[in-house]
1. Sort 186-196, 4-14 for me by packing, meaning the mean count of neighbouring Cβ atoms within 10 Å per residue, highest on top.
2. Figure the gain on full extension for N23 and S198 (residue separation times 0.36 nm, minus the Cα-Cα span) and round it to one decimal in nm.
3. Tell me, what HN-Hα J-couplings in whole Hz come from the Karplus equation 6.51 cos²θ - 1.76 cosθ + 1.60 at θ = phi - 60° for each residue of segment 150-163, using x for Gly and Pro?
4. Report the gain in length on full extension from Q61 to S4: 0.36 nm times residue separation, minus Cα-Cα distance, nm rounded to one decimal.
5. Quick one: net charge of V42's neighbours, Cβ under 9 Å, K/R +1, D/E -1?
6. For segment 75-83, take each phi angle, set θ = phi - 60°, evaluate the Karplus expression 6.51 cos²θ - 1.76 cosθ + 1.60, and give the result in whole Hz per residue in order, putting x for glycine and proline.
7. How large is ³J(HN,Hα) for each residue in segment 47-62, as worked out from phi by the Karplus curve 6.51 cos²θ - 1.76 cosθ + 1.60 (θ = phi - 60°), to whole Hz, x for Gly and Pro?
8. If you build the convex hull over the alpha carbons only and average its shadow over all orientations, what do you get for segment 1-124? Give it in nm² to one decimal.
Amino acid sequence: GTPSISSVSPNPVTGANSAQTLNIYGSRFVSGAQVKLAWPAVGVASAGSATLSATFVSSSQLHVSGTFGNDPCTWTAQVINPGNVSSSTYSFSVQAPIPVIQSLSPASATAGGAAFTLTVNGVTFDQGSVILWNGTSLSTSHTVNAGGLTTAIFATIPASDIASAGTAQVTVYNPSPGGGTSSAASFTIIAGTPSISSVSPNPVTGANSAQTFTV
């Protein structure tokens with residue numbers, strides 16, 4: 001008979017940059033069944049679908065392995081038995097994962113320098129990911145590959161944020177559903193080369209006691 005999907009697990013799926021197993025439950029599944037997964041357009045990523053071979057567990061359970069991306073959205077699954085006998089589509093949710101920072105580029109800057117673009121590389125970013133500099137959110141742009149995965153994000157760091165030597169904490173936030181804030185990566189603000197423009201007094205009038213000398 002016609003296959004029917006009653007549920008999938010996990011639901012919601014937490015996004016990832018690698019393949020995950022989706023369990024499909026229902027009735028009238030047969031060996032050799034395939035699963036068609038379909039996703040909507042999100043941001044610059046286009047809508048699409050993929051028909052995948054399923055692992056037959058029983059007439060009421062199949063396994064399929066797929067990469068679901070990281071952007072929160074609604075996907076559908078459809079079981080196709082041999083002979084092109086198809087179930088109705090079943091909707092399930094994909095939610096944002098917690099982002100992970102792998103590196104910063106550049107990883108440091110000289111105090112007193114000009115504004116610059118900071119690129120944050122990592123995994124489990126999505127098109128809603130936001131860079132935070134010492135807890136303050138920045139206007140963030142995204143690099144999305146042909147598969148719809150966000151591989152890097154970048155933002156402009158104003159000169160005022162690197163005016164003094166020290167260390168800034170960079171984090172990435174993925175908005176809900178799901179999501180959260182990454183662990184922090186440290187950005188080093190290096191003291192610049194010192195330069196003397198004048199001293200005072202000049203000349204110094206000698207004395208047998210200490211004097212104040214201003215550089």
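The values are calculated or read from the model by the stated rules, or taken from the named source; none is laboratory data. Please read these numbers as outputs of a predicted model, since none were measured by experiment. Virtual Cβ from ideal backbone geometry, glycine too; neighbours counted across all protein chains shown. These accessible areas exclude ligands, DNA and RNA; they are computed on the full protein's heavy atoms, side chains included. Shrake-Rupley method; radii C 1.70, N 1.55, O 1.52, S 1.80 Å.
1. 4-14, 186-196
2. Working: separation 175, 0.36 × 175 = 63.00 nm, distance 7.43 nm.
Contour length minus Cα-Cα distance gives 55.6 nm.
3. These are the phi-based 3J(HN,Hα) values: 7, 9, 7, 9, 8, 8, 8, 9, x, 4, 5, 7, 10, 5 Hz.
4. Taking 0.36 nm per residue and subtracting the Cα distance, the gain is 19.5 nm.
5. Details: positive: none; negative: D71, D126.
Residues near V42 contribute -2 overall.
6. 9, 10, 10, 9, 8, 10, 6, x, x
7. Karplus-based 3J(HN,Hα) across segment 47-62 equals 5, x, 7, 8, 9, 10, 5, 9, 8, 7, 9, 6, 5, 10, 8, 10 Hz.
8. On the way: hull surface 35.9 nm².
The directionally averaged projection comes out at 9.0 nm².
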